[in-house]
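What follows is a short report on a single structure.
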2 protein chains.
Amino acid sequence: MKTVLLLSGGIDSTALAVDLLAQGQQVEAISFDYGQRHVRELEAARAVAQCLNIPQIVVALDLARIAPTSSQTSREIPVPKGHYADESMRITVVPNRNMCMLSLATAHAIASGAECVAYAAHKGDHAIYPDCRPAFVYAMEKVMALCDYEPIRLLAPYAALSKADIVLRGANFGAPFALTYSCYAGEALHCGACGTCVERREAFQRAGVLDPTAYEAVTA
Amino acid sequence: MKTVLLLSGGIDSTALAVDLLAQGQQVEAISFDYGQRHVRELEAARAVAQCLNIPQIVVALDLARIAPTSSQTSREIPVPKGHYADESMRITVVPNRNMCMLSLATAHAIASGAECVAYAAHKGDHAIYPDCRPAFVYAMEKVMALCDYEPIRLLAPYAALSKADIVLRGANFGAPFALTYSCYAGEALHCGACGTCVERREAFQRAGVLDPTAYEAVTA
């Protein structure tokens, strides 16, 4: 089975890549240059794809112009500090990012003869991101089954897992977490204080897996 | 009510623009530069938006690289001649084009405070295009209602109309059809022989509305 995987360069999609490979799937990565402040994640995505020996396509997606209302698509909106699940994190939400990415990945899947598209939405995302919730996943599944002559299947196997579960699962399969990047501030070192950094560190701690990340700030 | 309208520069979306304006809606057009062979349609879209005095955003969408399997996204695949509903027209299908465009339009709607996204899928498209059929429209409606904090409504009011119905309706509202462009061959004059030209001419004839188009070939 051939699957097009949304690979951001973060922990979750990297774990999903090794997970799918361990299942014997043929994986092709798709990554997006969408004007994100944390464009450094694309270097991580390239490194992960190379390390896992999977083909990768990097696609431009002009969300910075279409939807400049997020701290991640506008340099004029500062990145909030704090916990990922906090209400203050709403400003990090890029409107409809997942539907845009899944749609483009689906186009690529149809054109390249893949049966599935996979993304690593997880339980920790539900509080803030509508487009990571089970109801959204089910609705996307349906529309992806109808958009072409043959249905494209949507795989979101981490939708009910916590980030700590994902770290544990990824570590088990040898995911190259040291190559990944999550920080929303987008500097060379992970800042350690933004929502994604706090969540990242917490996930490794809870999973009891060594965190290979160098953080700028030691405490959140 | 504010609506983001997919404006291709063809007959259907131009008719829908005047239709929505006649209903008193605030309309903003979104058009896509997706590597289409018939990129000339974008000039038409600009002229229509200007004529109707509606703001327009033109967005790059790299379907030519993601999905180069259509005569419209690859210069190496010739445009078939004949009737739009013919099986031979399948090669003109750009994989998942509508879901990609609706997703990006939805992102823009969320970011700009619009309540609706509209597109002019019609009955004549059903035979060839899975992403114009009612089942797809219903499924998209659902996912667009779930992708953000507030639902975005999908308007596809022409889904049950023929192209002749649309011409009649558009003419009634004064749609500037003379500014529109439909030809898949993409030359300065409408070729008159490709599926979209055949369908365009047929629609004006059936509607009994003067066809303002100069065609290269007089017979299909």
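Here are a few things to note about the model shown:
- Peptide B:108-115 has a mean of 4 when you count, residue by residue, the C-beta atoms of other protein chains within 10 Å of its C-beta.
- Anchor A:Lys81: lysines whose Cα lies under 27 Å away (excluding residues fewer than 8 positions away in-chain): A:Lys123, A:Lys163
- Projected label points at A:Leu210 and B:Ile91, each 7 Å from Cα along the beta carbon direction, are separated by 5.7 nanometres.
- Within straight-line reach of B:Lys142, meaning a Cα separation under 20 Å, sit the following lysines at least 8 residues removed in sequence or on another chain: A:Lys142, B:Lys2.
- Per residue of peptide B:145-156, the mean number of Cβ atoms on other chains within 10 Å of the residue Cβ is 4.
- Chain B - mean residue ellipticity at 222 nm from DSSP helices (-39,500 (n - 2.57) per run, n ≥ 4, rounded to 500): -11500 deg cm²/dmol
- For the residues of A:133-142, the average number of beta carbons from a partner chain within 10 Å of their own beta carbon is 4.
- Here the convex hull built on the C-alpha positions of the protein assembly as shown has a volume of 125 cubic angstrom per residue.
- One equal scatterer on each Cα of chain A, no solvent, Debye formula: the resulting log10 I(q)/I(0) at q = 0.09, 0.17 Å⁻¹ is -0.32, -1.27.
- Annotation for A:Val58 and A:Ala178: the two label points, set 7 Å from Cα along the Cα-Cβ direction, are 2.3 nm apart.
- Gap separating the Cα centres of region A:151-220 and region A:11-67, nearest whole Å: 15 Å
- Beta bridges by DSSP in chain A, antiparallel share as percent, to the nearest 5: 5 percent
- Packing-based ranking, highest mean first, of A:210-217, A:146-153, A:88-95, B:96-103 given that Cβ atoms within 10 Å are counted: B:96-103, A:88-95, A:146-153, A:210-217
- Rounded to 5, the percent of DSSP beta bridges in the protein assembly as shown classed as antiparallel: 10 percent
Read-outs: derived from the displayed coordinates by stated rules, not from any lab. Keep in mind it's a predicted model, so treat the numbers as computed, not measured. Don't worry about glycine lacking a Cβ; one is built from the backbone with ideal geometry, like all the others, and counts go over all protein chains shown.
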